[in-house]
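Right, one structure below, let's go through it.
Coordinate-derived values only; no laboratory data. Keep in mind it's a predicted model, so treat the numbers as computed, not measured. FYI the Cβ positions are ideal-geometry reconstructions off the backbone, even for glycines, and counts take in every protein chain you see.
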């Protein structure tokens, strides 16, 4: 944990390589100092046909960040700004780039190492 899931229009992948996009999100998350680098997971989901942005087929990038509870609002806001800034640098012509952050509850989180 944390998990950063990048949803985007498939056309985004003609502008930058998928690995570059994921590495830039990973780097921005690492640079905040909120997470151990080895714990950060990044995935990319391109959408080819089935999406609308403002009722039109416009290119988009939206990052869904799932992190363990305990960070302040200011820390999460900084994380959001860092990731969007990094993506805006890569994709200056894309009209919609956004992120939202959701907190995991420590009490209900489980992975195989905890069993």
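Out of the residues in the range 41-63 that are touching a strand residue (DSSP E or B) at 6+ places or on another chain (Cβ under 7 Å) and in a loop (DSSP other than H, G, I, E, B), state the one that is farthest from residue 4 (Cα to Cα). I'd like the intermediate steps shown before the answer.
Of the residues in the range 41-63, the ones touching a strand residue (DSSP E or B) at 6+ places or on another chain (Cβ under 7 Å) are 41-47, 51, 53, 58-63.
Among the residues that remain, those that are also in a loop (DSSP other than H, G, I, E, B) are: 51, 58-59.
On the way: 51: 20, 58: 22, 59: 19 Å.
Going through the qualifying residues, I end up with 58.
For every residue, the table says whether it meets (1) free of Cβ contacts under 8 Å to residues at least 60 places away in the same chain; (2) more than 22 Å from residue 21 (Cβ to Cβ).
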{"residue": "51", "(1), (2)": "yes, no"}
{"residue": "56", "(1), (2)": "yes, yes"}
{"residue": "86", "(1), (2)": "no, no"}
{"residue": "100", "(1), (2)": "yes, no"}
| request: May I ask you to list the residues in the range 98-114 that are out of contact with any helix residue (DSSP H, G or I) (no Cβ under 6 Å at 6 or more places or on another chain), surrounded by 10 or more Cβ atoms within 10 Å (Cβ to Cβ) and not in a loop (DSSP other than H, G, I, E, B)? | output: 98, 100, 102, 103, 104
| field | Qualifying residues in the range 72-84 (those that are free of Cβ contacts under 8 Å to residues at least 24 places away in the same chain and in a helix (DSSP H, G or I)) - the one surrounded by the most Cβ atoms within 10 Å (Cβ to Cβ) | value | 80
